[in-house]
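Values quoted throughout were computed directly from the atomic coordinates according to the rules given, and no laboratory measurement underlies them. Because the structure is predicted, anything quoted here is derived from the model rather than measured. Methodologically, a virtual Cβ is constructed for each residue, glycine included, from the backbone with ideal geometry; neighbour enumeration extends over all protein chains shown.
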Amino acid sequence: MIMKTIKFLNTIAIGIPIILATISYIINDPSGNYYGYALFSTILTGLIQIILAIILLFKFKDNIHYKIYFANVIIFFALWIWNPIINKIYYFTYTLIYIPPILAIYLSSMIYKIPNK
């Protein structure tokens, strides 16, 4: 039952930013409010995914993939905090933008591979 709930929450967390961005595109929102809401909801998506990963890490303690995910999350936040200190490497800043979607895809693929029990 817990895996079914985790899959449902992950689907909702990923779907909300996509739905909001699609609504903004369809209605041709001139103010960009829905795009802003979509960008803001990605923060919530990341928070939900980190919480789900913590639950899964305790449930599957021997799975190395969840440990890899957490190591990458810690590295991302460390680099995000460290980045303003160096402030002279612009390509480094732009590569940090792509890490959260990659982490979301990685965790989602791990979640959906586990069968419902």
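Please give the Cα centre distance for the range 94-111 versus the range 40-71, rounded to the nearest Å. First find each Cα centre; the distance between them is then 11 Å. Rounded to the nearest 20 debye, the dipole size of the chain about its Cα centre is 460 debye, using +1 on the Cβ of Lys and Arg and -1 on the Cβ of Asp and Glu. In sequence order, the range 63-80 has phi-based couplings of 6, 6, 5, 6, 5, 5, 4, 5, 4, 5, 5, 5, 5, 4, 5, 5, 5, 5 Hz under the Karplus curve 6.51 cos²θ - 1.76 cosθ + 1.60, θ = phi - 60°, and Gly or Pro positions carry x. Taking one quarter of the surface of the convex hull spanned by the alpha-carbon atoms of the range 2-113 gives a direction-averaged projected area of 8.4 nm².
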